[in-house]
Amino acid sequence: ARRHAERFGETWEMDKRNPLLLRRAMLDPHTRDYLRAASYCFSDRETFIADLSRDVVWLDPDDADIPADRLTLLGSIYDLTHATVRGLCKQYSLSHAQFAARFCIPLRTVDNWCTGERKAPAYVVAMAAELLAADEAARW
């Protein structure tokens, strides 16, 4: 994976305090999109990590060990793509009103997302997760 990242001139680092914050992840954009899209096909986090950690996208020899950073990255991608507004409110100790105010979303819409009456668009959840993670990391 390092060779893959170096080939695309990108750095191999993640924010260790908050793995949801994928700081210019070590992957080229196509690989990152592939992994995010693949995560929607899995309902189990551990199965996703186990299956994708050995994917050909990493360019590893068959007998290579799986780096811990890769497992953390895959877990972060799964968590990000399976996050919910309700889960984000709970994780960051936000009320529905605080979440609505933070992202300029009508309170009733946030309430509908949190109660399951409606499903939040994936891009909204991903954006909120990234911004909340960045805020949390900035507090450290």
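The values are calculated or read from the model by the stated rules, or taken from the named source; none is laboratory data. Keep in mind the model is a prediction, meaning the values are calculated, not measured. A quick note on method: Cβ atoms are made from the backbone with ideal geometry, for glycine too, and the neighbour counts reach across all protein chains shown. For the accessible areas, the whole protein counts, side chains as well, though only heavy atoms, and no ligand, DNA or RNA atoms are used. Shrake-Rupley method; radii C 1.70, N 1.55, O 1.52, S 1.80 Å.
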Of all residues making up segment 38-82, the number that are of a type in the set (A, V, I, L, M, F, W, C), in contact with a helix residue (DSSP H, G or I) (Cβ under 7 Å, 6 or more places away or on another chain) and closer than 28 Å to ALA120 by Cβ: 9
So GLU46, is it assigned to a helix (DSSP H, G or I), free of Cβ contacts under 8 Å to residues at least 60 places away in the same chain, open to solvent by 70 Å² or more (accessible area, probe 1.4 Å) and of a type outside the set (Lys, Arg): yes
Residue match in segment 51-65 (condition: at pLDDT 90 or above and within 24 Å of ALA137 (Cβ to Cβ)): no
One residue from ALA97, ALA120 being in contact with a helix residue (DSSP H, G or I) (Cβ under 7 Å, 6 or more places away or on another chain) and open to solvent by 50 Å² or more (accessible area, probe 1.4 Å): ALA97
Positions within segment 90-140 being in contact with a Leu (Cβ under 8 Å, 6 or more places away or on another chain) and assigned to a loop (DSSP other than H, G, I, E, B), in sequence order: TYR92, LEU94
Residue check for ASP62: touching a residue at least 40 places away in the same chain (Cβ under 8 Å), on the phi < 0 side of the Ramachandran plot and open to solvent by 60 Å² or more (accessible area, probe 1.4 Å): no
Scan of segment 38-65 for residues that are of a type in the set (Lys, Arg) and within 15 Å of the chain's Cα centre (by Cα), ordered by number: ARG45
Top-ranked residue of segment 80-90 - restricted to ones that are touching a residue at least 12 places away in the same chain (Cβ under 8 Å) and not hydroxyl-bearing (Ser, Thr, Tyr), ranked as surrounded by the most Cβ atoms within 10 Å (Cβ to Cβ): VAL85
Of all residues making up segment 41-73, the number that are among the acidic types (Asp, Glu) and under 25 Å from ALA83 (Cα atoms): 5
Boolean, SER43 is on the phi > 0 side of the Ramachandran plot and of a type in the set (S, T, N, Q): no
